[in-house]
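Report on the structure given below.
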Amino acid sequence: MSIRDVYIVDAVRTPIGKFGGALASVRPDDLAAHVVRALVDRSPALDPARVDDVYFGDANGAGEDNRDVARMAVLLAGLPVTVPGVTVNRLCGSGLEAVIQAARAIALGDASVAIAGGVESMSRAPWVLQKPERAFPAGHQQLHSTTLGWRMTNPRMPAEWTVSLGEGAELIADKHGITRERQDAFALASHRKAAEAWAKGLYDDEVVPYPDVDLTRDESIRDSTPEALAKLKPSFRREGGTVTAGNASPLNDGAAALLLVDEEGLRETGREPLARIRTSAVTGVEPQLFGLGPVEAVRRALGKAGRSFADLRTFELNEAFAAQALGCLAEWPELDPEIVNPRGGAVAIGHPLGASGARLAGSVAHQLAAAGSGTGLAALCIGVGQGLALVLER
């Protein structure tokens with residue numbers, strides 16, 4: 001059996017809304033449907049019935065995104081009911097996992113045309129109540145927030161594995177001696193690059209605003225200063241803490257989607273592809289050091305592609321925390337940091353969990369298309385200790 005080439009024809013995303021912000025009134029299944037519909041509309045030569053499957057990442061799935069949000073997006077977007085959909089969950093890597101699974105199906109000949117993406121509304125993530133062990137309990141019951149992080153944790157899990165995500169970032173700062181000042185400087189650079197990218201129109205080709213919502217660009221981008229960031233208190237360690245709300249990614253809402261095809265599907269779209277999918281890799285690390293998950297995943301993905309860091313034109317690394325991103329960069333001394341997140345990263349743009357991986361893959365594809373050629377890479381750290389990476393080429 002021959003392995004087929006897989007092409008990214010197009011990639012879109014919503015502007016990323018901040019927690020409780022402009023997109024908080026929009027259901028996650030509607031966000032997902034919006035990017036699916038926009039993607040189909042941008043390739044009018046392609047019959048929507050030709051879409052073999054829709055893969056969507058979704059990290060929480062506890063609220064309005066329940067019962068297979070990918071299939072709900074298909075139906076709400078008005079695609080033919082014959083188009084199926086599957087929802088995948090690799091926490092923060094869910095959107096990229098969806099892209100990888102769709103690409104794998106096309107490469108193996110199980111599909112010719114697929115849509116892959118991700119969605120998250122952290123604003124609308126519900127509280128959940130566990131069922132009592134016996135009927136009619138007399139005492140109070142606890143509600144658990146599904147917005148972010150550990151909840152209803154299995155008591156068999158070692159305590160060092162189940163620290164908060166922010167404490168995990170502090171551990172990486174300890175490991176690599178990353179100061180508060182370096183983290184704040186990294187955060188400021190992320191905001192500056194994102195603001196400049198928007199000012200230059202670099203996101204115009206991929207961002208599709210949600211109708212009737214007053215949001216045309218990423219909502220979390222700030223015009224801050226070193227002095228303003230320095231005033232923020234540590235969020236996770238009272239004594240000696242370095243991780244703050246200013247040098248971490250915020251809570252966000254958003255969706256992203258990509259159109260993937262083989263050679264036959266490419267001919268049917270009548271379009272030039274943005275990029276071709278080359279290789280991917282996933283790895284695991286100790287859960288408390290989740291932020292270093294991309295380190296080995298990136299090396300493996302590049303090795304499988306027969307490429308090195310020197311071959312990269314652009315690298316989108318998810319910025320869950322400045323400390324986490326700086327920790328990864330410290331373990332890739334041969335990587336030129338200037339090619340990392342040239343249009344800003346998640347500290348500024350935001351991190352809607354299930355959507356972020358698809359946003360990164362789409363951004364790499366658009367950057368390679370703008371450059372005309374080259375190799376690009378998208379990678380994320382993942383809660384509970386994993387890393388995921390994807391290599392694209394043009």
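In the stretch 176-211, how many are under 27 Å from residue 369 (Cα atoms), in contact with a Ser or Thr (Cβ under 7 Å, 6 or more places away or on another chain) and either of a type in the set (Phe, Trp, Tyr) or in a helix (DSSP H, G or I) (or both)?
2
Find all pairs meeting these conditions: Cβ atoms under 8 angstrom apart; at least six residues apart or on different chains; first residue within the stretch 131-157 and farther than 21 Å from residue 65 by Cα; second residue among the aromatic types (Phe, Trp, Tyr) and open to solvent by less than 90 Å² (accessible area, probe 1.4 Å).
Partner pairs satisfying both residue conditions: none exist.
Do we have any residue at all in the stretch 25-33 that's among the hydrophobic types (A, V, I, L, M, F, W, C), touching a Cys at 6+ places or on another chain (Cβ under 7 Å), in contact (Cβ under 8 Å) with a residue 24 or more places away in the chain and under 29 Å from residue 198 (Cβ atoms)?
Checking the stretch 25-33: not a single residue is among the hydrophobic types (A, V, I, L, M, F, W, C), touching a Cys at 6+ places or on another chain (Cβ under 7 Å), in contact (Cβ under 8 Å) with a residue 24 or more places away in the chain and under 29 Å from residue 198 (Cβ atoms).
Looking for whichever is under 24 Å from the mean Cα position of the chain (by Cα), within 30 Å of residue 39 (Cβ to Cβ) and of a type in the set (A, V, I, L, M) here; the options are 148, 165, 171. Which one fits?
Testing whether each residue is under 24 Å from the mean Cα position of the chain (by Cα), within 30 Å of residue 39 (Cβ to Cβ) and of a type in the set (A, V, I, L, M) leaves just 148.
Of the numbered conditions (1) open to solvent by 10 Å² or more (accessible area, probe 1.4 Å); (2) of a type outside the set (Val, Ile, Thr); (3) in contact with a strand residue (DSSP E or B) (Cβ under 9 Å, 6 or more places away or on another chain); (4) in a loop (DSSP other than H, G, I, E, B), residue 218 satisfies every one except a single condition; which is it?
Condition (1) is where residue 218 drops out.
Against the condition part of a helix (DSSP H, G or I) and touching a residue at least 60 places away in the same chain (Cβ under 8 Å), how does residue 361 come out, does it pass?
Yes.
Starting from the stretch 1-23, keep only residues that are touching a residue at least 60 places away in the same chain (Cβ under 8 Å) and assigned to a strand (DSSP E or B), then list their pairs with residues that are among the basic types (Lys, Arg) and buried (at least 24 other Cβ atoms within 10 Å of the Cβ) whose Cβ atoms are within a distance under 8 Å, requiring at least 6 positions of separation or different chains.
Short answer, once both residue conditions are applied: 13/359.
Can you tell me which residues in the stretch 259-273 are open to solvent by 20 Å² or more (accessible area, probe 1.4 Å) and either among the aliphatic types (A, V, I, L, M) or in contact with a helix residue (DSSP H, G or I) (Cβ under 9 Å, 6 or more places away or on another chain) (or both)?
266, 268, 272, 273
Read through the list (1) closer than 22 Å to residue 390 by Cβ; (2) surrounded by fewer than 19 Cβ atoms within 10 Å (Cβ to Cβ), then give the number of the only condition that residue 75 fails.
Condition not satisfied by residue 75: (1).
The values are calculated or read from the model by the stated rules, or taken from the named source; none is laboratory data. None of these values were measured; they are calculated from a predicted model. As a convention, Cβ positions derive from the backbone with ideal geometry for all residues, glycine included, and neighbour counts pool all protein chains shown. These accessible areas exclude ligands, DNA and RNA; they are computed on the full protein's heavy atoms, side chains included. Shrake-Rupley method; radii C 1.70, N 1.55, O 1.52, S 1.80 Å.
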